[in-house]
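Data first, discussion second: the structure below is written as structure tokens.
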Amino acid sequence: MTTELRDFSRLCIHTITTKPWSLAEATQGYSRAGVAGITVWRDALEPQGAKESGRMLRDSGLEVVSLCRGGFFPAVDEKGRQAAIDDNKRAVDEAKEIGAPLIVLVCGAVPGIPLAEARKQIADGIRTVLPYAESAGVKLSIEALHPMYADCRSAVNTLGQANAMAEAIDSPWCGVTVDVYHLWWDPDLEAEVRRAGRAGNLLSFHICDWRTPTRDLLNDRGLMGEGCIPIREIRGWVEETGFSGYNEVEIFSDAFWAMDQSKFLEKIRDAYLNHS
Ligand code: ZN
């Protein structure tokens, strides 16, 4: 049984959702709109650096929910894999600096590397970074991506695969992220959400909608209610596991990025209450 969302106390927005805004504009805009949480994408940190970003975020009163994104572990050679490890450690440093307790991993894939081999490299990469993340007090969360991204973004494409990887790694510092955009089609989704909950691995929850037709494979995500994803039903499964974290709005959309972002934020608030 899924309850209706009545306020914005569990609403988190990803900075990429309002990509035209700087981090300062996003923190001010979200705070003004009564949004409670923020997930920060690394590109939003770049102009002023992690330290100054951390100060801005603490001043804003917003709760920093996570840092996006780490991952991209597979590479054709050892040098590339090491570069990925180094970059993930930098992400851990940034997460610590801005007070993010979690890094979402877009795990990576490389055309030509068999998916099974890529998954092995992903698990090895997470295991290598994990002690560093643990010492910083930062969790790593495996986000399964829709199979249309299996060529170059992620070899982890179902929640079942993400769960199996997190269970094999078997650390309280590693879990999974459920993103409705990537997972809504999966007939095993309900069972896998329960499995993640039982294992204590369900760390975060991302929402948006699937447009028909999808005009761009990356940058045409819909606002909640615009598409065919049963968001409220999936949120119900997530909450039945005991998850009480944020509903994170993560929308890549050329159409919404072209809008006045304050007006877009109004639309997000409305869609959140009525369609999430
Ligand atoms: Zn996501």
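Each reported figure results from applying straightforward, stated rules to the coordinates on display, with no laboratory input. Note that this is a predicted model, so its numbers are computed, not measured.
So what is the calculated 222 nm ellipticity per residue for the chain, using -39500 (n - 2.57) for each DSSP H run with n of 4 or more, over all residues, to the nearest 500 deg cm²/dmol?
Details: 11 runs with 123 residues, N = 276.
Value at 222 nm, helices only, nearest 500: -13500 deg cm²/dmol.
Over all directions, how big on average is the projection of the convex hull of the alpha-carbon atoms in the chain, in square nanometres?
Details: hull surface 53.4 nm².
For the chain, averaging the hull's shadow over all directions gives 13.4 nm².
Provide the percentage of antiparallel DSSP beta bridges, counting only those with both residues in the chain; round to the nearest 5. If you can, show how the numbers build up before the last one.
Values: 2 of 34 bridges.
Expressed as a percentage, antiparallel bridges in the chain total about 5.
Taking a ≥ b ≥ c as the square roots of the eigenvalues of the Cα gyration tensor of region 21-180, is the shape rounded (a/c under 1.5), prolate (a/b larger than b/c) or oblate? It would help to have the intermediate numbers written out before the result.
Working: a/c = 1.90, a/b = 1.77, b/c = 1.07.
Here region 21-180 falls in the prolate category.
Shape of region 138-272 from its Cα gyration tensor (a ≥ b ≥ c, root eigenvalues): rounded if a/c is under 1.5, otherwise prolate when a/b > b/c, or oblate?
Since a/c reaches 1.5 and a/b is larger than b/c, the shape of region 138-272 is classed as prolate.
How high is the relative contact order of the chain, in percent, counting Cα pairs under 8 Å that sit 6 or more residues apart?
RCO, the chain: 19 percent.
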